[in-house]
Amino acid sequence: MTETSASWTTSTSSTPAVPSATSAPTTGRTPATGFTPPTRFAVPGRIAVDNHTAATWQRATLTEIRRETPRAATFRFAVPDWAGHLPGQHLMLRLRAADGYVAQRHYSIASPPDDAGHIELTLDQVDGGEVSGWFHTVARPGDEVEVRGPLSGFFAWPGDRPALLIGAGSGVVPLMSMVRHHRARGLSVPLRLLVSARSPEELIYASEYGAETTPVFTRSAPEDVPVGRVSAAHVARLLADRPDGGWEAYVCGSNGFAEHASRLLVDAGQPVDRIRIERFG
Amino acid sequence: MNVTRGFAGRPRVQNDRLPPGQYDAGDDWPVLSAEVTPELAPAEWTFAIDGLVAEPRTWTWDEAHALPSSAYEGDIHCVTSWSKFGVRFGGVSLDAFLDLVRPAPEATHAVAYSHTGYTTNLPLADLTGGRAWIVWEYGDGPLPAEHGGPARLLVPHLYFWKSAKWIAGLRILDHDEPGFWEQNGYHHRGNPWEEQRYSGD
Ligand SMILES: Cc1cc2nc3c(=O)[nH]c(=O)nc-3n(C[C@H](O)[C@H](O)[C@H](O)COP(=O)(O)OP(=O)(O)OC[C@H]3O[C@@H](n4cnc5c(N)ncnc54)[C@H](O)[C@@H]3O)c2cc1C
């Protein structure tokens, strides 16, 4: 049914240390044909994706539901033929009604790659949401849905370079896969997470964070913690702590948050071609 | 696939303008670019066509605006499943640019590239015959930066990742060369009516 061989190939020429107007976006496995755009910015390449895996729908059986916050829960699935993923990647998920009607959405993968045959997703409950609504009000262990993926080799972190992660709300989901991978493998490469939530109660994965994480609260915060958005000061503090070769920055959240955080990074001197953005729309 | 227990979904809408698997995003216009939105002023923007053409050429903002204006009014479809109905984009038909550079008889494809380094590949046939534009207006105003302003490519009959934001140029080729998302597992053509989302669809 499904080809299970993962075929991750790290693109060798995808790591310009400085913004380079001539670095080819050689994301694919055929760098020989890579067309080089003669332009000022450069979107960096990353990981070639297995096209067959991306095209095949697989059955995923819900095995566990864990509440994270009043508005978010984690859904754990058994996907026996899951080909593996890299931290940061997402998948497409679909639900089917009795009349054949199908609803499909993208979800980031929260679990680290080493969780053999299982994946976890963390879903916000969106008001009036067709798919997240089903998960939060109907789903129970034993239910089956379908997934295809992993998708996008761009917002992916193989654990190779120092990673600076900035997320808000459920935008922390793909970043958590990176944090978990970093821990599970005992990686020594530097990793920092700046995570924004409305309040401590709404901070997803709150009990799992360690010294690598700085939480930022926008509406209410514990005593002694200021209330406010992710700011230039937060970003400056992280960038000041520059590892050899600099940071690879990953920004994830709503478009508004992604614009805000990526602009702060650029203003603080982070090269544009070392900022990867995943916008949830 | 099996029916999902207890899933009814939204009330069904009969809408012949909605390609398979898409939903009507209404007033929303999600932004999904993977890179930092560039701060590109119209005065800095240029658009070039080169490769297999008789006369490669680069247009400045003013030179591009001097070509006959043309607008698209209709629908757009994003691979992430939203469609947006009845939008208006204003600019210049890509035919007007291509007529001036004259693609060679053996030309079959193009790579469109952005001022960010983003790339996407298209058959030449999808870029000609009044089906593609370089646009700088959305509705009655300038195209916002996060949606590709000052100017983007518009190929509305294909999924919207083909409509490269912050368009910088076209390289005309005699073969197909996958672009940014196409190398990341997305379909080479991306026809929403055939639901060509991922490679292999
Ligand atoms: C790459 C990527 C990764 C993502 N990862 C995550 C993740 O890890 N976790 C997460 O929670 N989300 C994630 N998302 C967002 C996710 O894909 C969905 O958009 C989200 O779950 C909402 O889907 P839904 O079906 O619940 O809501 P939808 O039904 O899509 O509704 C969204 C909003 O639009 C309104 N709406 C839309 N269509 C209609 C209609 N026809 N009639 C009435 N109202 C309508 C709804 O009322 C609601 O307010 C990700 C998105 C992307 C692109």
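Placing unit charges on the Cβ atoms of the charged side chains and taking the dipole of segment A:157-279 about its Cα centre, the candidate lying farthest along the positive direction among A:Ala249, A:Val230, A:Thr214 is A:Ala249. Take each residue in A:100-106, count the other chain C-beta atoms within 10 Å of its C-beta, and the mean is 5.
For the listed peptides A:183-189, A:59-65, A:221-227, B:161-167, a ranking on the average number of other beta carbons within 10 Å per residue, highest first, reads B:161-167, A:59-65, A:183-189, A:221-227. Computing FRET efficiency as 1/(1 + (r/R0)^6) for A:Glu64 and A:Thr218, where r is the C-beta to C-beta distance and R0 is 30 Å, gives about 0.50. Per residue, the convex hull spanned by the alpha carbons of segment B:4-121 comes to 175 Å³. Counted without the sites themselves, the longest stretch of chain B free of GluC sites (Glu not before Pro) in a DSSP loop having at most 16 other beta carbon atoms within 10 Å is B:107-194. Normalised by 2.2 N^0.38 Å, where N is the number of residues, the alpha-carbon radius of gyration of the protein assembly as shown equals 0.96.
Per-residue ellipticity at 222 nm, computed for the protein assembly as shown from helices alone with -39500 (n - 2.57) per DSSP H run of at least four residues, works out to -3500 deg cm²/dmol. Taking the Cα centre of segment A:157-279 as origin and assigning +1 to Lys and Arg Cβ atoms and -1 to Asp and Glu Cβ atoms, the resulting dipole is close to 180 debye. Ranking B:His77, A:Phe135, A:Gly167 by Cα position along the charge dipole of the protein assembly as shown, where only Lys, Arg, Asp and Glu carry charges on their C-beta atoms, puts A:Phe135 farthest toward the positive end. Each listed q (0.13, 0.14, 0.16 Å⁻¹) maps to a log10 I(q)/I(0) for chain B, found by the Debye formula over equal Cα scatterers with no solvent: -0.70, -0.80, -1.04. In a simple Cβ point-charge model (Lys, Arg +1; Asp, Glu -1; nothing else charged), segment A:51-151 has a dipole of about 60 debye relative to its Cα centre. May I ask which residue of B:Tyr186, A:Gly269, B:Ala125 lies farthest towards the positive end of the charge dipole of the protein assembly as shown, with charges of +1 (Lys, Arg) and -1 (Asp, Glu) on Cβ and the Cα centre as origin? It is A:Gly269, whose Cα lies furthest towards the positive end.
Counts of other chain beta carbons within 10 angstrom of each beta carbon in peptide B:36-44 average 4. So for segment A:157-279, considering every pair of alpha-carbon atoms, how many percent are separated by more than 24 Å? Above the 24 Å cut-off, segment A:157-279 has 20 percent of its Cα pairs.
Taking trypsin sites (Lys or Arg not before Pro) across segment B:1-79, the ones in a DSSP loop with at most 16 further Cβ atoms lying within 10 angstrom of their Cβ are B:Arg5, B:Arg12, B:Arg17.
For segment B:43-194, a simple Cβ point-charge model (Lys and Arg +1, Asp and Glu -1, everything else neutral) yields a dipole of about 260 debye relative to the Cα centre. For the pair segment B:134-165 / segment A:71-122, the C-alpha centres are spaced 32 Å from each other.
A short reminder: the numbers here are calculations on the coordinates, not readings from a lab. Source: prediction; values computed, not measured. Backbone-built Cβ (ideal geometry, glycine too); neighbour counts: all protein chains shown.
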